[in-house]
Each structure stands twice: as structure tokens, then as C-alpha cells.
Amino acid sequence: MKPGNATDLFKAAAEGNRIALARAISAIERGDKVGEEVSRLAFPKSEIGVSIGITGSPGAGKSTLTSAIIDVIRAKDEEIAVVAIDPSSPFTGGAILGDRIRMQDHALDNGVYIRSMATRGHLGGLTVAVPEAVRLLSAVGFATTIVETVGVGQIEIDIVNEADTTVVVVNPGWGDSIQANKAGLMEIADVFIINKADRVGTRETRRDLESMLDLSAAKEFRPPIIETVASEGKGVAEAYDAILSHRSWADASGLTAERRRRRRRNEVERIIRATIEAKVAKLIRDGESDGSFRKLDDLSLDPHSLASSMLEGSQ
Ligand SMILES: Nc1nc2c(ncn2[C@@H]2O[C@H](COP(=O)(O)OP(=O)(O)OP(=O)(O)O)[C@@H](O)[C@H]2O)c(=O)[nH]1
Ligand SMILES: [Mg+2]
């Protein structure tokens, strides 16, 4: 296998070569030509597997829950992939190591593939790279891919909302569900999980969620609320059943097909946006280096005229 050859890389990854898979995802992450080619090869088989998005506030227990769901899936002898989104902000950066340690339970299991992804490098960042990586994982044979991300920003919410089923994890205690609501997580949930249900306040949190659901625009599918103690594996089988029930309903009602249709279009839009943004950045850099902006500074040329001439020059 020659590194850098997308066809060989994809073929090896599809045959179960994990090193090839890791390299292919790195190429996607960088957003280079090899990454694009790998994505193109993966595309026809990119919707065989299903995706589950898991989000919630920092420390809600998403990784612990993911790890417990892996146990449930492995008990059925199915393979599973996990994409953990490394938030590059220092605020949550410290949690990455924790994730790795928790996930290490599965490190020696070849039926489990865990990958962190970060924003670095890619044109369009995670919003372009993550869906491509999820497609690749499906194409190389993973029936299920979980995408774990902290629900702190619009980018993370966009990513997780494009999964076939979106799980929002909240904790007991006054405030967490309200925070989740403010962050826009209520609207995207297909399944709610109250994790750390061993703590006080579980009943109140359930009541909060129920009343928020009552108030929100009636959805065709009312998200179920499942209580878990992920650190002890309690309630996790029920949580996974709720995910499967949502999926059956979504498949039958046409929601899955509709979401995937929207996701494909969003991907095109993001790629176009990222490409145009890169061109804008280049025009500005060139304008600085070739002195075009000086005319602006001595007020001899107005911004409209300068922008027009720079755009014309780039044609
Ligand atoms: N009491 C209790 N603690 C839990 C439970 N589930 C997870 N924890 C603990 O909560 C802490 C955070 O768990 P993580 O799984 O890292 O949470 P996370 O949501 O992935 O965190 P970030 O990725 O940093 O946002 C850890 O110390 C876990 O052991 C639970 O059900 N009950
Ligand atoms: Mg985590």
C-alpha cells in the first residue's frame, strides 16, 4: 500500500486494514486531494450504515455512555465506529485525554474503531470533514457510527443534528435541561437521556423535559426520555432500544431519507462556501502583498471600486 494513493488506501480500509482507514480519515481531515478522492470512492456506499449523534453539556457522561453503548452493540456481535470530536478550544480540550482513557476498554477489540477528529487544516473545518469521515466508515463496512460532540456551539450542533438519530444527554439537577434548551439542543433531540440518574433531581429533570416537550411545536415523534447510570451500565440497553425505535420509525415515515437528502445538500453547500471563503482569503492576502490596499488608505479609491477591480483581476 503506497501512502498517498487514494484507491489503494480505500481498498485496504474496506478490507479491514485499520492503518489504511486511519490514514484515509487523516486525508479527509486535511481536506487534501487524497481525502477528496477517498470520499468520492466512498460515496456510493456511504449510506449503508447508520449514524447516531450524541451531544450534551461538557461532562454529562457522553463518552461513558458511548462506551456502554459499544458494549451493548458488541454483545450483538456487530461492529461499531466512533468519531469523537475534539473541541479545539482550551475550555474543553482537557477532556480529550479522559475520553481516550474511558474508550481504552475497547482498544484491543478489532470490532470497534474509535477516532478523534479536530478542526485543524480542513477547508470548511469539521462541518465538511466529519460527514465525510462518517460516510467513509459506512463504506468500509461499519453498520453503526456514533458521533460524540459537546453541544456548545453551532458547528457542533449542526454536525450532530445530521445524524440519523440524535441523542441529547442531560444530567439531573436544576438547570442542565434549561441550559440545553438555551443551547438549542431541545429541538434537535430524537431521544433524551438523563444520565447520572443515580443523583438527586432525576424526577425534576424528567418533569422539566416533559413540560418543555409539551410546549415545543408538536413533533410527529415525541422523543422518549430514558434514565441511565452510564458508569454502571444501567439503563443503557433501554437507551439503545430507544435509539433503534426512533430509527425504525424514521425509516418507515420517510424521515431518514429526508434527513439524508438534506445532509447531502448541506455538504455541497458547505464545500462551496469553504471554497469561496478560501478564495476571499487569498484575494485579501494578495491585496495586502501587491499594495492594492494602499489606494484605499490614501482615499484615492473607494471600497466598491477596489473590490470590483480585485474580483475582476482574479477571474
Ligand atoms: N455518578 C455518575 N457519574 C457518571 C455517570 N456517567 C458518567 N459519569 C462520570 O462523569 C464524568 C464525565 O463523564 P464523561 O463520559 O467524560 O462525560 P462527557 O460528556 O463525555 O465529557 P466531555 O466529553 O468532556 O464533555 C466522569 O467522571 C464519569 O465517570 C453516571 O451515570 N453517574
Ligand atoms: Mg466525552
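None of the figures in this text is laboratory data; all of them are computed from the coordinates on show. Every value quoted in this text rests on a predicted model; they were computed, and no experiment measured them. Here Cβ is always computed from backbone atoms with ideal geometry, including for glycine, and neighbour counts include all displayed protein chains.
Gain in length, residue 36 to residue 269, computed as 0.36 nm per residue apart minus the alpha-carbon separation, to one decimal in nm?
In short, 82.3 nm is gained.
Quick one: if you stick a label point 7 Å off each Cα along the C-beta vector at residue 284 and residue 76, how many nm between them?
Going by the 7 Å Cα→Cβ label model, 4.8 nm.
Can you tell me which of 193, 226, 25 moves the most in a GNM of the chain? Springs connect C-alpha atoms under 10 Å apart.
Comparing 193, 226, 25 in the GNM, the peak value goes to 226.
Rg(Cα) of region 1-44 divided by 2.2 N^0.38 Å? Mind dumping the intermediate values first?
Details: Rg = 8.9 Å, N = 44, 2.2 N^0.38 = 9.3 Å.
Taking the Cα Rg and dividing by 2.2 N^0.38 Å, one obtains 0.96.
Note the per residue figure in Å³ for the convex hull of the C-alpha positions in the chain. Walk me through the intermediate numbers first.
Numbers: hull volume 54.2 nm³, N = 315.
Taking the convex hull of the Cα positions in the chain, it is 172 Å³ per residue.
Can you give the helix-only mean residue ellipticity at 222 nm for the chain, where every DSSP H stretch with n ≥ 4 adds -39500 (n - 2.57) and the sum goes over all residues, rounded to the nearest 500 deg cm²/dmol?
Helix-only estimate at 222 nm: -17500 deg cm²/dmol.
On a straight-distance basis, which lysines could pair with residue 182 in a cross-link, Cα separation under 22 angstrom, same-chain partners fewer than 8 positions away excluded?
62, 196, 219
Please list 54-60, 146-152, 183-189 highest first by mean number of surrounding beta-carbon atoms within 10 Å per residue.
146-152, 54-60, 183-189
Return the lysines within reach of residue 33: Cα separation strictly under 23 angstrom, same-chain partners fewer than 8 residues apart disregarded; answer none if there are no such residues.
2, 11, 45, 279, 282
So for region 230-272, Kirkwood radius off the Cα pairs, Stokes-Einstein at 10 °C and 1.306 mPa s: how many µm² s⁻¹?
Values: Rh = 12.4 Å.
Rounded to a whole number, D works out at 128 µm²/s.
Just subtract the alpha-carbon distance of residue 210 and residue 307 from 0.36 nm times their residue separation and send over the number in nm, one decimal.
On the way: separation 97, 0.36 × 97 = 34.92 nm, distance 5.28 nm.
Answer, rounded to one decimal: 29.6 nm.
If you average 1/r over every pair of different alpha-carbon atoms in region 7-89 and take one over that average, what Kirkwood value in Å do you get?
Evaluated on region 7-89, it is 14.8 Å.
Based on alpha-carbon centroids, what's the gap between region 12-65 and region 130-166 in Å, whole number please?
Comparing the Cα centres of region 12-65 and region 130-166, I get a distance of 8 Å.
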